1. If you check Gly94, Gly113, which single one turns out to be without any contact (Cβ under 8 Å) to a residue 60 or more places away in the chain, surrounded by 17 or more Cβ atoms within 10 Å (Cβ to Cβ) and within 27 Å of the chain's Cα centre (by Cα)?
2. Is the range 369-377 home to any residue that is more than 30 Å from Ala456 (Cβ to Cβ) and in contact (Cβ under 8 Å) with a residue 24 or more places away in the chain?
3. Report, by residue number, each residue of the range 456-486 that is more than 20 Å from Thr514 (Cβ to Cβ) and without any contact (Cβ under 8 Å) to a residue 24 or more places away in the chain.
4. Taking the range 435-490, which residues are in a loop (DSSP other than H, G, I, E, B) and either over 22 Å from Ser525 (Cβ atoms) or within 33 Å of the chain's Cα centre (by Cα) (or both)?
5. Which residues, taken from the range 417-429, are touching a strand residue (DSSP E or B) at 6+ places or on another chain (Cβ under 9 Å) and either surrounded by fewer than 15 Cβ atoms within 10 Å (Cβ to Cβ) or not aliphatic (A, V, I, L, M) (or both)?
6. Filter the range 336-393 for residues that are loosely packed, with under 15 Cβ neighbours inside 10 Å and among the β-branched types (Val, Ile, Thr); which is nearest to Pro282 (Cα to Cα)?
7. For the range 629-649, state whether one or more residues are farther than 22 Å from Thr563 by Cα, part of a strand (DSSP E or B), at pLDDT 95 or above and among the hydroxyl-bearing types (Ser, Thr, Tyr).
8. Among the residues of the range 497-516, is any over 30 Å from Tyr411 (Cβ atoms), more than 30 Å from the chain's Cα centre (by Cα) and polar (S, T, N, Q)?
Amino acid sequence: MDIKTTQHILQSPLRVWLTRLAQLSAVSASSLLLASGVIAADVDFSDWACEACPFDSGYRATYSAGAGYVSDDSAKFGNDYGEDEQGAVALATGDGIYTTDNHRMVWALEDLGLDSRSGQLEGGNPGTYGYYLEYRETPHYRFNTTSTIFRAAGSDQLTEPAGWTDSGLTSGFTALSGSLRPQNIATERQAVTLGGNYRSQSSPFKFTADYRHEERDGNRIIGGSYFTQAALLPVSMDYQTDDVDIGLSYTGDNGQIRLGYHAGWFRNNNWSVTWDNPFTAPAAAARGRLAQEPDNQYQRVSASGSYRLERYNTVLALSTQLGKIDQHDSLLPYTTNPGLARALPRARLDGSVDTTHWSLSVVTRPVPRARVRFNWTHDERDNQTPRDQWQRVIVDSFDSGALETNIPFSYERTKLNLRTTWDLIDNFKVAAGFERTETDRDFQEVAEQTEKDSWAQLQWRPRPLWQFRIKGGTAKREIDRYDLTTPVALAQNPLLRKYNLAYRFREYGSFNATADLPNMPITLSASVRVSNDNYTQSVLGLLSSDEVSYSADLDWRISDKTTLYLNGGWDDIEAEQTGSQSFARPDWRARHDDEFFTGSAGIAIRGLATDMDLFMDYTHTDGDSTITTVSATGALSPFPDLQTNLDSFRLRLVYHKSDRLSASLQLRFEDFSSTDWALDQVGPATLPTVLTLGADPYNYNVYVVGVQFTYSLGATSISLP
């Protein structure tokens, strides 16, 4: 590359680099078209280079293109891979790097033919400036077995079909079967992120700026209630989020300071949903309406810094953040029923929340074999939303008959954390820690709460590649008192204790071991974790929870060309709770037992045959959840078990035609089955008072087969600036 070209690139790097990237992509696409016939023609392209590129010495890229076939439709399978529909799919990926003496650019393209596609580009002159650009699509397929009677499904206006006959029970929906239309439940997220940084070589200051725009659209399920009846609604989603981050930092010999500003805006283009009531109802209450997430914005300023006291082997760090959340959307009317219409206390919520964060950290080494870390944090959420009295209308049918006040939730939380580590001898370490968290809340059952966590750990390394670690501790959550006025005002049983607010005593421990076997290319690791939670002061609610888990891994380098791995894990969670159907003391008890097992194995063989590599993986998982209830008379009432089973197999066979060209055959197979009593054989009209969407439990058997050609361009190795 001549001096004039280099100067032009440095004067306008982003424009020129994007032009170069487009040229390289075009050349690569042409190369892949030629490569598709290489094997049949037996032509050796090992010495082929990018003649259209004037900078081969600093350019290296690998691009892959091909096609695959998906055997069946499956929302769950597609949710993981972006391949939710039967048929052909395009397979296209690529990555590359281009460098000069004072610039570097790296790009990556993934799954361009799928709904989970993404692309990244970053570059710059290390130490002077940098930039990046990223685009990513993330699908979330929930159900493809659902159907609905509502027309304009997926919009904010859901209407009954023509000729629909209302009824008090789903069994009376005479037009149901002829009115159902398929309606998948799925969303897709698209996000664009870009940013950069700049610092002149002679300045201690650095400037950074980042921007992210995200859109999420599709539909989700919301329950529309009619007091004693309900319908599951396929409701449209159309969100937009924008975030901006700006920062200025200063780095000195012994410390650094950073100032930052963040702003975020959330917009919901469908701010409500209105639907026809398919059940029998008074004419004035024939339509329902619900608000969705309102527009809001968040701003935050921050400052942080650290300083090293070399004489005392100590580093001090301090940070603070001040933020504000605002929400000023107009409120919906009380009801769609004109006979119950009345004025709202105010037209908008005028929601406003101030947030504050402080953090102080001290890391010191008072003696050569000891290290101490202290951390103090304080978080505050001050909800300044005005309070008013509101008179609710129940399901657009009747007045609640009482005034209720909106509750602006606020809290303060202070946390102290102390950790120390001692190197007693060369291969033996002792560590201990203590954490204390104090929380003060407004308008909740527990105003003041204190949590204390103490632990100790021993670490032994008898050989350089052997390590054993054991850790144990206790944690106690204490409350000053339980305010009964709050649950009583909300018509809750005063004996009920919410698990996140109740007194809790926890004991926990873990053991980890890792070892490389002597004179053998094998690495073994194993771990055990146990915990026990007791809510001894709760009468109603969660009483206890126990968890035990085991895991083990083996990595074996059988030869220079073959590696094997095996791993497995088992987790068991047991919990017990009590309840009362008579709004008094406990008259039933429930026990939950969840067991999960995961095992996988894989092998990689390079040089299985001449110029051929083999990669193979297999995974099996089982999940089993049992719920058993016991009434006051001792009668057992077990729920049907919840079960999931997954078998997943992957195979990739790669043939290397040359150093630059390869072809691969890919096979992926998954067999997934589940039983869920909430969905099994529950059609749209199975429940007498609930019109559902008829979703089936996840059960699929899908394979994907594909052929892909990969071609490498440019230099075989590059020196990074």
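1. Details: Gly94 fails: without any contact (Cβ under 8 Å) to a residue 60 or more places away in the chain.
That would be Gly113, the only listed residue that is without any contact (Cβ under 8 Å) to a residue 60 or more places away in the chain, surrounded by 17 or more Cβ atoms within 10 Å (Cβ to Cβ) and within 27 Å of the chain's Cα centre (by Cα).
2. Step one: filter the range 369-377 for residues more than 30 Å from Ala456 (Cβ to Cβ), giving none.
So far as the range 369-377 goes, no, none of its residues is more than 30 Å from Ala456 (Cβ to Cβ) and in contact (Cβ under 8 Å) with a residue 24 or more places away in the chain.
3. Thr485
4. Our first condition is that a residue be in a loop (DSSP other than H, G, I, E, B); within the range 435-490, this holds for 442-447, 461-465, 480-484, 490.
If the condition is that a residue be in a loop (DSSP other than H, G, I, E, B) and either over 22 Å from Ser525 (Cβ atoms) or within 33 Å of the chain's Cα centre (by Cα) (or both), then Asp442, Phe443, Gln444, Glu445, Val446, Ala447, Asp480, Arg481, Tyr482, Asp483, Leu484, Leu490 are the ones that fit.
5. Going through the range 417-429, the residues touching a strand residue (DSSP E or B) at 6+ places or on another chain (Cβ under 9 Å) turn out to be 417-424, 427-429.
Hits for the range 417-429 are Asn417, Arg419, Thr420, Thr421, Trp422, Asp423, Leu424, Asn427, Phe428, Lys429.
6. Ranking the qualifying residues of the range 336-393, first place goes to Thr356.
7. Yes, that holds for at least one residue.
8. Taking the range 497-516 and keeping what is over 30 Å from Tyr411 (Cβ atoms), we get 509-516.
Still in the running and more than 30 Å from the chain's Cα centre (by Cα): 515-516.
Remaining after also requiring polar (S, T, N, Q): none.
No.
The values are calculated or read from the model by the stated rules, or taken from the named source; none is laboratory data. This is a predicted model, so every value here is computed, not measured. Heads up, the Cβs are rebuilt from the backbone with ideal geometry, glycines too, and the neighbour counts pull from every protein chain shown.
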